[in-house]
1. For PRO122, all conditions in the list (1) crowded, with 20+ Cβ neighbours inside 10 Å; (2) out of contact with any Ser or Thr (no Cβ under 9 Å at 6 or more places or on another chain) hold save one; what is the number of the exception?
2. Can you name the number of the only condition in (1) at pLDDT 95 or above; (2) within 13 Å of GLY14 (Cα to Cα); (3) among the aliphatic types (A, V, I, L, M) that ALA134 fails?
3. Given the condition farther than 21 Å from CYS130 by Cβ and touching a His at 6+ places or on another chain (Cβ under 6 Å), answer yes or no: does some residue in region 39-62 qualify?
4. Can you tell me which residues in region 52-78 are touching a helix residue (DSSP H, G or I) at 6+ places or on another chain (Cβ under 6 Å) and among the polar types (S, T, N, Q)?
5. Of the residues that sit in region 137-163 and are surrounded by fewer than 16 Cβ atoms within 10 Å (Cβ to Cβ), of a type in the set (Lys, Arg) and under 16 Å from ILE89 (Cβ atoms), which one is modelled with the lowest pLDDT?
6. Quick check: is even one residue across region 17-29 without any contact (Cβ under 8 Å) to a residue 12 or more places away in the chain, loosely packed, with under 14 Cβ neighbours inside 10 Å and within 27 Å of ARG138 (Cβ to Cβ)?
7. Exactly one of these conditions fails for ARG24: (1) out of contact with any helix residue (DSSP H, G or I) (no Cβ under 9 Å at 6 or more places or on another chain); (2) of a type outside the set (S, T, N, Q); (3) modelled with pLDDT under 90; (4) more than 30 Å from SER181 (Cβ to Cβ). Give me its number.
Amino acid sequence: MRRFIVVAGNIGSGKTSLVDFVSRHYPVKPFFEPNETNPYLKDFYDDMKRWSFHSQVYFLSHKYRLHRELERYEGSVIQDRSIYEDAEIFARNLHRSRKMSKRDFATYWELYETIRADLQPPDVLFYLRCSVPALKKRIRLRGRSMEQQIPTRYLRRLNDLYDEWIARYDLSAVVEIPTDSMDYVTDILDRHHLLETLKRILS
């Protein structure tokens, strides 16, 4: 049976690792986060207030095109970060932290709601719940230069927004996976537990 799976979670929660793990154990095609293609990203990091709207609209349009492609894909797919997170977490955080104006956010949100109404939701959403200390440790270990200076308060705000969003999310089934201490790459028990969870969903 065909499945459309989304993996959601904060920066460093283990989304890419889970997408890779699932695609290696099941006939599921992976689709990863395409951050490097955003032509506004450098400008955004240099001046967030000026470029936040442009950057988020780019992400929204790109994710919309990708989501529609995944809807049409004949086999099962698993996506690293959804279009919903772009809006519900990252754009909302920019607005709350005054990096996106009220007017720009209202325009962005109207566009997002129009797009969301046109989408077929995923069949299941994996939400990777992870504490801020664990996020910081993983970010440090994977060594991506752009991430090393991410403030603790920023990760905490995103975690709060994720909790708010997942509490009201009702578009599909949700499977919460606590990833603070889970190591399904090297730990046999963790791997067995995850595979059993996946078996119930993908069989």
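The values are calculated or read from the model by the stated rules, or taken from the named source; none is laboratory data. Quick caveat, the model's predicted, so the values are computed rather than measured. Counting neighbours? That spans all protein chains shown, and the Cβs are built from the backbone with ideal geometry, glycine included.
1. Going through (1) crowded, with 20+ Cβ neighbours inside 10 Å; (2) out of contact with any Ser or Thr (no Cβ under 9 Å at 6 or more places or on another chain) one by one, PRO122 breaks only (2).
2. The failed condition is (1).
3. The answer is yes; a qualifying residue exists.
4. Of everything in region 52-78, those that are touching a helix residue (DSSP H, G or I) at 6+ places or on another chain (Cβ under 6 Å) and among the polar types (S, T, N, Q) turn out to be SER52, SER55, GLN56.
5. Per the stated criteria, the residue is ARG153.
6. Scanning region 17-29, I find at least one residue that is without any contact (Cβ under 8 Å) to a residue 12 or more places away in the chain, loosely packed, with under 14 Cβ neighbours inside 10 Å and within 27 Å of ARG138 (Cβ to Cβ), so the answer is yes.
7. Of the numbered conditions (1) out of contact with any helix residue (DSSP H, G or I) (no Cβ under 9 Å at 6 or more places or on another chain); (2) of a type outside the set (S, T, N, Q); (3) modelled with pLDDT under 90; (4) more than 30 Å from SER181 (Cβ to Cβ), the odd one out for ARG24 is (4).
Okay, residues lined up against (1) modelled with pLDDT of 85 or more; (2) of a type in the set (A, V, I, L, M, F, W, C); (3) surrounded by 15 or more Cβ atoms within 10 Å (Cβ to Cβ):
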| site | (1), (2), (3) |
| --- | --- |
| ILE11 | yes, yes, yes |
| GLY14 | yes, no, yes |
| LEU41 | no, yes, yes |
| GLN56 | yes, no, yes |
| ARG65 | yes, no, no |
